[in-house]
Amino acid sequence: MVIATGVSKEFIDAKKNRILAVDRADFTAHPGEIHGLLGVNGAGKTTLLRVLSTIIRSTGGTATVNGFDVLANGPEVRRSIGFLSTSTALYGRLTAREMLGYFGSLYGFSGAELKKRVEDALERTQATEFANQLCDRLSTGQKQRVSIARTIIHDPPVLFMDEPTAGLDILAAQTVLEFIEAARDQGKTVVFSTHIMSEVERLCDRITVIHQGQVKGFGTLDELKLKTGSSNAEQTFLNLIQPKEGVTA
Amino acid sequence: MKIGYGVKQVFLKEIRELARDRRVLQASIVMPVFIIAIFVMIMGVIQESVVERKAVEIAVVGSEKFGSVNLPGMEYEINSTPVVSWEEGLKLLREKEVQAVLDTTYINEKTLANANARAKIGYSSDDALSPVAIGVIKQSIAHQNNIEVKKKLTHFKVDESFAEPIKIDEVNFSKDKAPSGSNIISLLPYLIILWAFYGGMSIVSDLVAGEKERGTMETLLVSPVRRAAVALGKIFSLMVVCFVSSLTTLVAVFAVAKLNLPMTKTLFPSGLSVQFIDVLAALILLISLVSFFATMLVSICAYSRNIREAQTYLGLLSFVIILPAIFSQIIGFTGMERALWVQWTPILNTAVLLKSLISGEGHYAFLGPALLENFAFAAIFLRLSIQLFRREEIVLRV
């Protein structure tokens, strides 16, 4: 489970100006559900996920991941999560198998246990075929499969997916979406950030709409549609982030 | 979780990646071997040409008996060329056909008898062999003076040994098996330090700033490994590269000496021989130096936003590193090689000590200050690196 309570993140730019990237965000994501973080580019989705995955520290509020506080229990939080985005790259001079072995060892696995986990992850992501190729020589889709395998090598109960289909072709994107659905079916907590409405409609059990760092709406898609009086996801989103000048159907 | 958890994993992964990086192989092994081998051979050819030019030519106006005396202990062959006039001698001097002109026109039996014989010497100070020619001429004239004085003493029935009241006994204390190739030895510390730095510099921007730029840093930092362990793993792997680079330089010189090529014979007539204790001290010194360089390079790249920014900083830093190394080349001529300030100047003390260890002189008084400073700087930059890795900018500043 992921619980964020009043999470804020403030940056100070080169000119000493304060930039509030996330402003008192609240949301709860439950096991066995896909929780969508919906927002335009620059809304604060990535910053919020980075706070939750302990890459950066919040400047206000509290958050727990799998019961661990993100500020006090960084290593335990990181052990509980798998993090995937299009910006999380692979090591080009390692093979897919070596890459997974490396990350498995960082999670404390070794010997036969590590080998088993690597082979399982490769098999589950259908990456065994190209496991001995250098990551630099893999296609975008193959790279994404290896990234997914890296995400699940330690079988984390929580998955953070930061726009994982951005820049992918339809086949590679399909692989990612199927993986997210499978993770939900296995009872994992999935927090999935996106700005693609079709993905929200297909995947998300619950949605938090975030705009300019603030949470503008929270609930199931049907609840949000009802709340905004909208008939589709796109209209619902626009009405939530621009309530006064919202477009009517 | 243990503090050192993950250091080994990060280190081994970096070493594996570096071993597959062609740039590392080129910068750390191929280039040092290739460039040093070429460099040593060129030095050999230059040395050979200097050796070949050991004949000193003196144009003599008048008597040929002057300019025919060899200076004791010098291997120069002295040739005198008779010319008819001072002007003809000067012409040859200007054309660098001779290194000095000696006019003996006013040296004859009459002037010698009256003790007012005069010799005129013309030379060009921009010719490196002119001082040798002048020395030979003066020695020759002194010899002639001595003969004349002895003649006078004999004439007045005084023992001719009074002409030389002070006798000189010369003893050569040069080591029989001293390491030769002194020109190369004076350059070796410079090359070793240079390559220890450049070997690391060639890849560090990719190792840290590059990882940030490509997005793999974020992947790494969402693992349970502490950031200090990530920094340490990277620093250790960079130390290996710096160490291999500097060691390759040393090995290349010894290999060329061992091959005994025709063009390097004059550089290493009796090979390069160094004591085990000196080798051990040199290796410890190198470890301290590469730990200083590796921590410094990693902290600079951890501070940089991206590869380009890192390379700009590294370019500027290279001047700071090179200057003391260059200075170590000329300090030997200044007589300040063992000065206290040299002992405590970072990098310069390491270069001077390395030089003395390789040449067999072993200025061990430098070992303490050099190790202390190198490890102190390494500790400072290690702390800085870890602090920079703990900052959010390690992921965000791209």
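The values are calculated or read from the model by the stated rules, or taken from the named source; none is laboratory data. Here the structure is a predicted model, which means the values were calculated and not measured. Here the Cβ positions follow ideal geometry from the backbone for every residue, glycine too, while neighbour counts run over all protein chains shown. Note: accessible area is taken over every heavy atom of the protein model, side chains too, but ligands, DNA and RNA are not part of it. Shrake-Rupley method; radii C 1.70, N 1.55, O 1.52, S 1.80 Å.
Worth pointing out:
- Reach of A:Lys9 by Cα under 15 Å, taken over aspartates and glutamates that are not fewer than 8 positions away in the same chain: A:Asp23, A:Asp26, B:Glu392, B:Glu393
- Gyration tensor verdict on region B:55-163 (Cα atoms; rounded if a/c is under 1.5, prolate if a/b is larger than b/c, oblate otherwise): oblate
- Averaged over B:7-16, number of beta-carbon atoms from partner chains that fall within 10 Å: 3
- Counting only Cα atoms, the size of the protein assembly as shown along its three principal axes is 137, 55, 42 Å, in decreasing order.
- Efficiency of FRET from Cβ geometry, B:Thr81 and B:Lys152, R₀ 35 Å, rounded to 0.05: 0.65
- Note on A:Gln212 and B:Leu283: the model spin-label points, each 7 Å out from Cα along the C-beta direction, lie 6.6 nm apart.
- CD proxy at 222 nm, helix term only [per DSSP H run n ≥ 4: -39500 (n - 2.57); per residue of chain B; nearest 500]: -20500 deg cm²/dmol
- In this rough spin-label picture, where each label sits 7 Å from Cα along the Cβ direction, the B:Tyr106-A:Asp69 distance is 10.2 nm.
- Protein accessible surface hidden between B and A, which excludes ligands and nucleic acids, total in Å², probe 1.4 Å: 2700 Å²
- Counting Cβ atoms of other protein chains within 10 Å of each Cβ in B:287-294 and taking the mean gives 0.
- In this structure, the amide hydrogen of A:Ser193, modeled 1.01 Å from its nitrogen in the peptide plane, lies closer than 5 angstrom to those of A:Leu37, A:Met161, A:Asp162, A:Glu163, counting only residues at least 5 positions away or on a different chain.
- Distance from the C-alpha centroid of region A:3-60 to that of region B:88-106: 88 Å, rounded to the whole angstrom.
- Between the C-alpha center of region B:274-346 and that of region B:201-256 there is a gap of 17 Å.
- The order of the peptides B:222-232, B:108-118, A:230-240, B:146-156 by mean Cβ neighbours within 10 Å, most packed first, is B:222-232, A:230-240, B:146-156, B:108-118.
- Kirkwood hydrodynamic radius (C-alpha pairs) into Stokes-Einstein, chain B, 4 °C and 1.567 mPa s, D in µm²/s: 51 µm²/s
- Region A:1-108: C-alpha gyration tensor shape, a/c 1.5 cut-off, then a/b vs b/c: prolate
- With the highest mean first, a sort of the peptides A:150-159, B:335-344 on other beta-carbon atoms found within 10 angstrom per residue produces A:150-159, B:335-344.
- Mean per-residue shielding of peptide B:209-221 is 5, counting Cβ atoms of other chains within 10 Å of each Cβ.
- Nearest 10 degrees, 0 to 90: helix B:31-52 Cα axis against chain B principal axis: 0 degrees
- Carbon and sulfur %, accessible surface of region A:2-241 computed with the full protein complex present, 1.4 Å: 48 percent
- Residue-normalised accessible area of region A:2-241, expressed per residue, 1.4 Å probe, Å²: 41 Å²
- Accessible surface of chain B [probe 1.4 Å, protein heavy atoms]: carbon and sulfur percent: 63 percent
- If both residues of a DSSP beta bridge must be in the protein assembly as shown, then about 45% of such bridges are antiparallel.
- Largest-first principal axis extents, alpha carbons of region B:257-374, Å: 52, 37, 28
- Amide proton proximity set for B:Ile78, modelled H, under 5 Å, gap of 5+: B:Val56
- Part-to-part distance (alpha-carbon centres) for region A:81-156 and region B:111-166, which is given in Å: 89 Å
- Listed by chain and number, the lysines whose alpha-carbon sits under 30 Å from that of B:Lys265, ignoring those within fewer than 8 places in the same chain, are B:Lys54, B:Lys96, B:Lys175, B:Lys177, B:Lys355.
- Total formal charge among the other residues, if their Cβ is under 14 angstrom from that of A:Asn66, Lys/Arg +1 and Asp/Glu -1: 0
- The length gained on full extension between B:Lys258 and B:Asn116, counted as 0.36 nm times the residue separation minus their Cα-Cα distance, comes to 45.3 nm.
- Bins of 5 Å, starting at 0 and running to the largest distance - Cα pair percent for chain A: 1, 7, 13, 17, 18, 16, 13, 8, 5, 2, 1, 0, 0
- Out-of-range pairs (alpha-carbon distance over 20 Å; input B:Lys13/B:Lys212; B:Lys110/B:Lys150; A:Lys115/B:Lys212): A:Lys115/B:Lys212
- Pairwise label distance in nanometres, B:Glu392 with A:Asn132, each label 7 Å out on the Cα-Cβ vector: 4.5 nm
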